[in-house]
Each structure stands twice: as C-alpha cells, then as structure tokens.
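One structure is given below, encoded as structure tokens.
The values are calculated or read from the model by the stated rules, or taken from the named source; none is laboratory data. Remember, predicted model here, so these are calculated numbers, not experimental data. Cβ sites come from the backbone with ideal geometry, for glycine too, and all protein chains shown count toward neighbours. These area figures cover heavy atoms from the full protein model, side chains too; ligands, DNA and RNA do not enter into them. Shrake-Rupley method; radii C 1.70, N 1.55, O 1.52, S 1.80 Å.
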Amino acid sequence: MTTHDRHIAERKRLPRRHALALLGGAGLAALAPRHGFAVSFDFAGFNRRYIAEVIVPRFTRLAATCAAWSERIAPAVHQPSAGKVDMMGRRDDEIWDNWMAAEPFMYLPGPSQKREMELAGWARGPAGLYQDVDALLARSTPEDLSPELVRTSLIGQHSLEVMDHLLLPDGKDAHIMHDFYVAENGPTRTKLLQVLVDHMQSEAAAAGQAWAKIAEMERPAGITPRRMTAQFLGAQINVLGRLLRRELRPVPFALGHGDEVASDARRESGLINALEVVNTSLQSSAGFGALLRDDQSALKASLLSTSATALSLGYEAGGYPGWVLRSGGHFGMCCFCTTDMIEDERKRAEARSEKIRLQFDDLRRAVADLRKLMQTDLAEAISLVPDLKET
C-alpha cells in the first residue's frame, strides 16, 4: 500500500462515521430554525454567507497547508533533516486534497466566468513542462530561484504538476535522500520546491481575498444576486455530473489480476473531495438548504439524506470504485495450488467482486439521485430554474 493509499484509508474511517451521523440527523435538520432571508429568497444575503462560510475557508485551508509545508522546507534547503524526509515521504497529499476541495470555486462569478486566478491550471501542464523543469535545475543554483521567477513562468502556472514531477520523477517515488541531498542539484531541487510552495500559498490567499471582496459588494459588476446564486448551484450540479461521467462511469466487469489497471490515487481522493464539497454546500447553515421555506422541510430532509448517503457510500467504496470494480476480482495462484484450492479462491474473488459491483451501483445511483434533486426539485423550489439554464 502506498503512502497515499494509506492516507485515503485513514480519511475514509472517521468521515464514514460522520456521514452516518448526518444520515441519522437528516430528519431533525428539517426542523432546525431557518434564517429570515430564506422565506423571501434574499439571494444577496445567501451569497454573502455562502462565500464567507463555504468558499473562503477552502482557500484559507489551502494557503495554510502550503505555508506549513514551506515552513518545514525552508530551514533545510542546504542540509538534511528527519522532519523534511518524513514530510516529503508523505508527498504532497494534503496540498492536493485542499486544492481539489477548492477546485469548484476557482472561477469568480460573472457573465463570462472569467478566470482571474491561476489555481485552476495548477494540475495540468503542457507538453515539455518536465523538460523545462529539468533544464532549470541543471543550470540554476538555489540563489537563482526567486518567487518572481516562479510566478511569471510555466512552473508557477502549473504548480501541482511541477511538484509531482519533483517528488515523482519518471512516475516513481523520489529517492528523497539522493535526489534532494546527495545529487549535485539537490539543494536547487529543494529550493525550487520551497519557492513553488510559497507561490501556491500566496495565490491561494489571494484567491480567498478576491472572494471575500465579492462578498462585501452589494452587487458585483455584471451579475445579479439571483444569477450568482444560480451559478453557485450550477457549479455543484456540474461537480456531480463530472463524477457520473468520469469516476463513476460504468466500466466492463471481469475477473483479472489487480495490476492490470493502475490505481490513480488522485482520482480516488478527487471523488471523496467532490462529494464532501457538495455535502457541505447542502449541510452547512450557509448552504442551499437555508433558502428553503418552512413548508419545504420534506425537500430539505431529502436533500440532506441523499447527500449524506452518497458521501457515506463513497467512503465505503474506497474512493475510486471504478478502479476497484475492474481490479476487485484479483485472485492468486501458485505451483502448489490444487484444482480445488484454485476454484475456492476464484469463488471468493467472485463474491468480493460482486459486493464491490453492488457498492459501485449504489454509489452511482445515489449521486444521480442527488444531482436530479438539486437540478430539478431544489432549483424549482427556490425559483432558479430559468437562471440555472443560462449559467
């Protein structure tokens, strides 16, 4: 099991209990007091609360995670340390997780959805990016690497992709002691990582500030409060749509060996993060449920219950059920196995695979149900159907 796999497994246990608790409390949530603006559909008030309590904290956490990384790297650019080796051994999972949690909010609201922050492009790099990074390492010293150099280059524009290349050269875990200490360019590589993380911290903080300024405006230029709320709702509906098209797409099922399909740890974590984002957008006191009137308590309870069910099933399925489904039928044989032993093992593998397939189907169904509830019932209940179609 890789470090990231252990990270996913650890994340799965505690939130699983939390999700079940949400299920049990969904009915009670419908009876909770509502904010006064819910009755009159005060979209401006909703937007302010949604930005302050749902969106900004995600960028704050991303910035804080990057700052913590930089603090541990900076003192050890020229010398090894156990803490640094431990940190790098865990790779950049926390930064990736917090970036994915903020991903649905990378675009500022407005008619064109223009991107005014660079965070959305961090995880995708152009062809030749790795060669550019290696060339920079070959010709530079730690003193050459400045925040300005990173900020104005492709390296800064595709920060997560570059970080993966530094910590996963050739798709394999870096030999930390060799690559960052023994190798001739070890100090330069370490300094580049530190400057890169500083850049990400700065950009994440700036993104949070940009959102906070929008929340302070009575009416942001070029968009009405109603349309902004529709864009917020549309973004969450799109998150669920992407899950159904990608991570939860139906896949051929057949018994086989587990190494036939490589596990994509990023997609495992991405699915869980996406479900958590949507769950927060509904469960939070500043979420969409706060817009529903008292006489719409049944719809609110249904939304909360379905959302909690999807999240719970996501943890239960292990994060990336598409991969598990295809490789879950793995069974092993050796030269000492009898025919009966092989047949017994095959039957156990088939039983495991059938259980995984059913979990996958349940999760996909729950996500589809939640998306339909949000796109039709919720949008109609808060009078956003026409605006939602135009987002």
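Any idea of Val133's accessible area? Nearest 10 Å², probe 1.4 Å.
0
How about the range 185-225: which GluC sites (Glu not before Pro) there are in a DSSP loop, with at most 11 other Cβ atoms within 10 Å of their Cβ?
Glu218
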